[in-house]
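Take a look at the structure below.
Since every read-out is calculated from the coordinates, none of them should be taken as a lab result. The model shown is predicted, which means the values in this text are computed figures rather than measured ones. Reconstructed Cβ throughout: ideal geometry from the backbone, glycine too, with neighbour counts over all protein chains shown.
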Amino acid sequence: MASDRSGGDHGGRRGKTRTAILDAAMQCCTRIGLERVAMSDIATEAGIGRATLYRHFNDFDAILVALISREIADLVLKLKEVAASFSSLEDKAIEPMIYWLREAPRIRILQMLFDHDVASLNRLAFYADEFKLLGEDYCALIFEQAVREGRIRKNVTLKEYAEWITRIQLSLRFYSHYDHDDEERNRDFLRKFLIPSLFLPIYNSTS
C-alpha cells in the first residue's frame, strides 16, 4: 500500500520539504505526463536527493495520494457546506454529488487522473487511508442524519458508506457516455437509483 512517511508532521523543516516535493510532483505530472513521471524526476525538480524523497514517501502512489488530498481539500469542505445547506436526507446526498460532477474536473490532478487510467485511480482511492478519510469527513454529516432517522441498514458503517459514495462519484466521472452537464437529468438519475441503494425508505425505516 502507498505510504506517506511524514507521520502527520507537516510543519517546520520537514513540512517545507514535503510541500516542495508535492509542488515538484505537480509540476512533473503537468510537464512530463502522469504515466511517465519517475521518482527521480520529482527529486530533481524539488532539488533534493532520492534518499530524502524516500524518507518522506515510499513510492509515487504515496505522493499522488498526498497530492490529491492537498488539492481537493477545499472541494471536500465545499461538499460539506453543500450537504449542510439542505434539510432532507435525499438532497443532502444528491446535491454534493452534483457539485462534485461539476467541480472535480477543474482540479488539475483529478483531470489528469480522469484522463489516465481507471484502475490506477481506484487503487489510490480505495486502498490509501489518507484519501478515504477525506470521503469519510464529507460523508459523516449525511450518515449521522441517516442514523438519527433510522434509515441506514443494520451493520453499515461510516467507512463502508463513504467508500460506496466514493465509488459512485468516480464511476460517474469515468463513464464516458454520461452527460455531466445535464444537472436536472443527473438529479433524476441519482434520485431514482442512488437514493434506494443508500437509505431505507421512510415508511420502512424501522425494518
Open item on the list: Could you tell me how many cubic angstrom of Cα convex hull volume the stretch 12-66 has per residue?
Closed with: 65
TODO: Rank these for me by crowding, Asp74, Asp41, Asp23, going from fewest to most other beta carbons within 10 Å.
DONE: Asp74, Asp23, Asp41
